[in-house]
1. In whole angstrom, note down how far apart the Cα centers of the stretch 136-175 and the stretch 15-57 are.
2. Might you report the magnitude of the Cβ-based charge dipole of the stretch 120-202 about its Cα centre, with Lys and Arg at +1 and Asp and Glu at -1, to the nearest 20 debye?
3. Given an 8 Å cut-off on Cα distances and at least 6 residues of separation, report the relative contact order of the stretch 191-325 as a percent.
4. Starting from the Cα-Cα distance between residue 216 and residue 203, subtract it from 0.36 nm times their residue separation and give me the gain in nm to one decimal.
5. What's the exposure ranking of 592, 243, going from fewest to most Cβ atoms within 10 Å?
6. Among 508, 526, what is the fewest-to-most ranking by other Cβ atoms within 10 Å?
7. Through the Karplus equation 6.51 cos²θ - 1.76 cosθ + 1.60, θ set to phi - 60°, convert the phi angles of the stretch 256-267 into ³J(HN,Hα) values in whole Hz; use x for Gly and Pro.
8. Name the residues whose placed amide hydrogens come within less than 5 Å of the amide hydrogen of residue 201, ignoring near sequence neighbours (fewer than 5 apart) on the same chain.
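Just so it is clear, none of the values below were taken in a lab; they were calculated from the coordinates. Since the model is a prediction, treat every value here as computed from it, not as a measurement. No Cβ is skipped: glycine too gets one built from the backbone with ideal geometry, and neighbour counts run over all protein chains shown.
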Amino acid sequence: MSMINVLPKQVAELIAAGEVVERPASVIKELVENSIDAGSKIVTVEIKNGGVTFMRVTDNGSGIAREDVTTAFLRHATSKVKKQDDLDAIATLGFRGEALAAISSVSRVEMLTKTESEQVGTLYRAEGGSEIFVDDAGCPKGTTIIIRDLFFNTPARMKFLKKDITEGNAVAAVLDKMAMSHPEVSISFIRDGKQAFKTPGDNNLMSAIYAVEGREFASSLIEVDGEFSGVTVKGYVSKPTACKPKRNAQSVFLNGRFVRSGTVCSALEAAYKNSVMVGRYPAAVLHITVPFGAVDINVHPAKTDVRFSDERRIFDAVMFSVRNALLKGDSRPEMTMPASHKQIRMTADEFRQTVIPEIEKDRNDVLSQYEKLIINSKNTAASKRFSQPGISGGPAYTSYNPEPKKQQNEDVVFGNLNEKFLSVSKAEEPVNEPLIKAPMVAEQPVEPVAEKKEPETLDSNIEYIGEAFKTYIIVRRDESLYLIDKHAAHERIIFNKLKREDGTAPQLLLEPIRVTLGKEEYSVVLDNLELYEKCGFELDDFGDGTVIVRSVPSVLSGEEVSSLIIEAAEALVLKKTIELDRLERIFETMACRAAVKAGNISSSPELLALAKTVLEDENIMYCPHGRPVAIELKKKEIEKQFGRIQ
Ligand code: ADP
Ligand code: MG
């Protein structure tokens, strides 16, 4: 007896179906793709019980002519590819001619369809892949397809289905992507009788995002519109402050098709470097368009992972487009803080309106003076007292405390910037007595460090008030107080300076320094000599794990050279291939090192100079690790806390 059989058609189809139809979500994906391929403007999807018992997709596309209906359900039956050449320029979502055959082989199918030119439409029914009925039917142009009882004839597959709710969620996830990949089509989704969403189909990506993801998500986005050697990148990414703890809010569409690409994700995250907190990920809805043939794209139609022959080009296109979007002045991220905080938001325009123009002129002077001060400073500044009218001797004051629960002093008149009430826990206390000895800005007492006789106003309306905890500079500008983290600010200033290349000028050391490195670090330094040179280091191999340093970048003084070279090497060992990234890594390390000294500075002119630099430059919003540099407290908000205004 022969051992080898050709599988019966039915069995072969079931096996093939396994590749296409895994769960209701994969059916919906195929059906909606068919509707979009058919030129539909409106697509309505309805499911019941997670899609397992009932799925209906209605469209107003081309419809299928009577003579083609039966064929459409055969394997390898497609209207989208006719000859081999067509395979090189496929513009439709489907092309393998497998979906209808596969779906129909594992369910009960009913299709109503009519083309423009036909007088009457067609009603088609099949069960388990066998046609049972074809007849005339009155229906509008377009196609409605109903799938019932998925896997009714393959109980083994049925067992793999999850709970209805999980299957329904998977369908929803597919439809979210479909809606955002084709904003020109109005897609609505009805789940167990309730409308989950409906996009307007106005070809505006933002309206589709709004419909699918909701207002909060939509309002956290900034627009991306870039092009890089033929690759266009359009869409939206989240403001750095709206980044998520997980990567799952990243939707990438390649030529109109949802894909997953490691390259695109890394490019996206690279663009946010230095402006997003560690452990947070940008959300994104990005449409990448690559001309046919420009980059070889390898994507399985039923799967989503994609590879490009020229990954680098895609990486660059995404990274530069997103980075440009983030840098654009008019779309600067608004900083928000949890609960009661308000953070500083400075756009270039706001800055121009609020700061007198002369500041602009002396900005660079101030900056360079400041740099000199810090770099030469060995000042460990003994704390000095300062007294500020209204703070120590003033009336009872409210503690501005971001974490009310931790508040221990019961007597505190506690206020929250977001809440319009003030509460006094011991109302019988005499009102004219100070209720608390709590500080103005935080739980611990303000540690006064700077001598201040009069409010120091230089040539601007930025007034120096003091420094708290040897960390935060307090200044007033116009109707706001600002708390500025001096280390974060300084780090950012140096980082920006390095990136502008004016901090990397090499300075010859009088005495070259020898630095001995670990094995891996040693070889990474040797591999990156040019990179170090770009940063202002002149290094030579001294053999045996040792390099000799002849020059250092001008922002640094000699002392921290060896630790810096070691740290930068460690950072390089840990990460990344692209040069820009490596460069930034060294810059980050340099900025951090150089800024450490900033912890020491505390003379009021230095601190004022730093505050001015921060408030004037809208590029100083976050430290290179993504922490915010300044917090704004509006006078209005303060007055609300005191009950002076409502
Ligand atoms: P493919 O999409 O790969 O061509 P399918 O099995 O999904 O294969 O569909 C087979 C054919 O049926 C399509 O090529 C198309 O001509 C036709 N078809 C399927 N769904 C629709 C629809 N909603 N409107 C018009 N034509 C459709
Ligand atoms: Mg198809």
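1. 6
2. About 380 debye.
3. The normalised contact order for the stretch 191-325 reaches 29 percent.
4. So the chain would gain 2.6 nm between residue 216 and residue 203.
5. The most exposed by this proxy come first: 592, 243.
6. With the sparsest Cβ surroundings first, the list reads 508, 526.
7. Going residue by residue, I get x, 10, 5, 9, 10, 9, x, 4, 5, 4, 5, 5 Hz, with x marking Gly and Pro.
8. Here the answer is 187, since their amide H atoms fall under 5 Å of that of residue 201.
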